[in-house]
Each structure stands twice: as C-alpha cells, then as structure tokens.
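Working notes, structure below.
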Amino acid sequence: MEIFAHRGSSGTHPENTLPAFMEAAILPVDGVELDVHLSKDGELVVIHDEKVNRTTNGKGYVKEMTLAELKQLDAGSWKADEWTGTAIPTLAEVFEVFTETWHDLNVELKTDIFPYSGAVKKVVELAASHGLENRLVISSFNHLDVQEAIEQHNVKRAILASNILVDMAAYANTVVAKRLHLSLPF
C-alpha cells in the first residue's frame, strides 16, 4: 500500500495550495494527489472544484476565469487567517516544489464534468519539462482521458470510481489501467 497526501497536506494547510504542497514535500509519504482544471486562457491550475466558491473568496467557474483573475483570489483564508492571501497555484508552480523530492505526483484531471480538450497532453508535456514524467500518475473520473494517457503517453494512470456498477477489475482491463482509485465504501 502506498500513502499519498491528498490535495497536499490538506489536513494542516488549505487544500491544493503551495503551502499545502510545500508541507507535503517534506512528509515521508509515497506521493501527493492534486486536482487540475484549465483556466479560460488554457492554463493548468490546481484546484479541486469546478467553481472557486468553496475554497476562495470568489464566485464562478474556473473555466470562465483567466489565470490572472484566478491569481487574484484568496484561496487560504477559508482554512485559517494565517493563510490569507494564498493564491491558487499553477501546475507548473506545484511541479517546482517536487522537482528535488522522491514523491509520485497523482494529477487528477477534473475533466469529467467539463472536458478540457488537450489537458492530458499539456500535463504530460509539463511534467516532462520538469523531469517528472517517471513520477507522474494521471487519474480521472473521465476514463477517456485515462485511455488517452495510456495510448498516447507513456505515463502511469488510474481510473477513479465512486459508484461500482460493474466488475471494476474487468472494466479496468478494458481501459488498460492497472490502478483503481475507489472511494472507501467500495
């Protein structure tokens, strides 16, 4: 069994922020999981929800905001006053934190509600530019993106599922994924 810091050190820091990832980078865990959306101007940004409402002082969809607009939002004060002013990071900024560590990086593509065309390729190319391609895991509830990671890119990949309606091991074989990331009840 491997242990991954979920959204960075999200128990102690605001999730999916640079402080959370900097803390996770010094933890004796196997890897870090993070969530990626595309901004209106096509930038890879690290935030869990499709909307910024829950974890920032803003409102609206990530996909309808430019990187500059997203960077103006406070993504830390919801957790505690000490994190006030913490920005939503880009995936490049997060990768910088881990270039000198051993951690695998599980990038969950949040493409199951809004499909972000070209997101898989962008993530893989960015990881390669940081020398992280061998530590990259692509995961998603959008199994077509996982399949793209398999067929077009030589990266580790995993399918995510929250409701089990079929034999997941057999299904995973059809997608040629060797990793299943399932919700705890399943």
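The values are calculated or read from the model by the stated rules, or taken from the named source; none is laboratory data. Just so it is clear, the model here is predicted, and its values are computed rather than measured. Neighbour counts are summed over all protein chains in view; Cβ atoms, including those assigned to glycine, are modelled from backbone coordinates with ideal geometry. For the accessible areas, the whole protein counts, side chains as well, though only heavy atoms, and no ligand, DNA or RNA atoms are used. Shrake-Rupley method; radii C 1.70, N 1.55, O 1.52, S 1.80 Å.
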Notebook entry, point to check: Which of (1) free of Cβ contacts under 8 Å to residues at least 60 places away in the same chain; (2) assigned to a loop (DSSP other than H, G, I, E, B); (3) more than 16 Å from the chain's Cα centre (by Cα) does residue 148 not meet, given it meets every other one?
Noted result: (2)
Check: Can you name the number of the only condition in (1) outside any helix (DSSP H, G or I); (2) modelled with pLDDT of 80 or more; (3) crowded, with 19+ Cβ neighbours inside 10 Å; (4) of a type outside the set (Asp, Glu) that residue 131 fails?
Finding: (3)
Check: Just one of 56, 86 is outside any strand (DSSP E or B), farther than 24 Å from residue 145 by Cβ, in contact (Cβ under 8 Å) with a residue 24 or more places away in the chain and touching a Leu at 6+ places or on another chain (Cβ under 6 Å); which is it?
Finding: 56
Notebook entry, point to check: Only one of these conditions is not met by residue 185: (1) open to solvent by 70 Å² or more (accessible area, probe 1.4 Å); (2) at pLDDT 90 or above; (3) of a type outside the set (D, E, K, R); (4) outside any helix (DSSP H, G or I). Which number is it?
Noted result: (2)
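Yes/no per residue for (1) assigned to a loop (DSSP other than H, G, I, E, B); (2) touching a strand residue (DSSP E or B) at 6+ places or on another chain (Cβ under 6 Å); (3) on the phi < 0 side of the Ramachandran plot:
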site	(1), (2), (3)
15	yes, no, yes
79	yes, no, yes
96	no, no, yes
100	yes, no, yes
108	no, yes, yes
Next item on the list: Report whether or not residue 51 is open to solvent by 70 Å² or more (accessible area, probe 1.4 Å) and under 28 Å from residue 115 (Cβ atoms).
Entry: yes
Next item on the list: Return the pairs, sorted by first residue and then second, in which the second residue is surrounded by fewer than 20 Cβ atoms within 10 Å (Cβ to Cβ) and of a type in the set (A, V, I, L, M), the first residue lies in segment 11-34 and is under 19 Å from residue 78 (Cα atoms), the beta carbons are less than 8 Å apart, and the residues are 6+ apart or on different chains.
Entry: 14/80; 17/87; 18/87
Next item on the list: May I ask you to say which residue of 176, 123, 155 is farther than 18 Å from residue 5 by Cα and modelled with pLDDT under 65?
Entry: 176
Check: exposed (fewer than 14 other Cβ atoms within 10 Å of the Cβ), of a type in the set (D, E, K, R) and outside any loop (DSSP other than H, G, I, E, B), is that true of residue 63?
Finding: no
Next item on the list: Would you check if residue 35 is within 12 Å of the chain's Cα centre (by Cα) and open to solvent by less than 40 Å² (accessible area, probe 1.4 Å)?
Entry: yes
